[in-house]
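What follows is calculated from the coordinates using simple rules that are stated; it is not laboratory data. A quick note: this is a predicted structure, and the numbers were derived from the prediction, not measured. All Cβ positions, even for glycine, are placed from backbone atoms using ideal geometry, and neighbour counts span all protein chains on display.
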């Protein structure tokens, strides 16, 4: 089973969220998701300044196996994108919870992390899916 960092929050569509000190959140796809997709060959990141609602399709990742939508885990404004991933999508495969982050979001007020799963709940969700 994937190594699931305890300090992140997760969605059932396999995105992760990390709270940053400046109030933004970093978003990426989980190790489980990148493993299912296989080697990524293209990443279409959202536009900085885009307004997203929780659950919106906000970007696409393409692998040698398939293309997959990535969904916004929270509502908010895209404030930064990871250009390194656009230039080298394999970063997501190599380090999905670190250098392979996808974008940063300034969450809407009141858009709570109660909607997201903790590490234990995400692990249980993965086990229930298999």
Inset, instruction - Determine, for each peptide in 23-35, 7-19, the mean count of other beta carbons within 10 angstrom over its residues, then list the peptides with the highest first. - result: 23-35, 7-19
Legend entry - Sequence-separation-based contact order of segment 9-111, relative, with Cα cut under 8 Å and 6+ spacing, percent: 31 percent
Legend entry - Amide N of segment 67-101 lying under 14 Å from the label point, which is placed 7 angstrom from the Cα of residue 36 along Cα→Cβ: 67-71
Legend entry - Cα-derived Rg to Rh of segment 1-78, Kirkwood definition: 0.96
Legend entry - Computed FRET value (nearest 0.05) for residue 13 with residue 84, which takes r as the C-beta separation and R₀ as 35 Å: 0.90
Legend entry - Computed log₁₀ I(q)/I(0) - Debye formula, equal Cα scatterers, no solvent, the chain, q 0.15, 0.17 Å⁻¹: -0.63, -0.83
Inset, instruction - Could you calculate the contour length gain from residue 114 to residue 6, that is, 0.36 nm times the residue separation minus the distance between their Cα atoms, to one decimal place in nm? - result: 37.3 nm
Inset, instruction - Provide the FRET efficiency to the nearest 0.05 for the residue 47-residue 130 pair, computing r from the beta carbons and using R0 = 30 Å. - result: 0.25
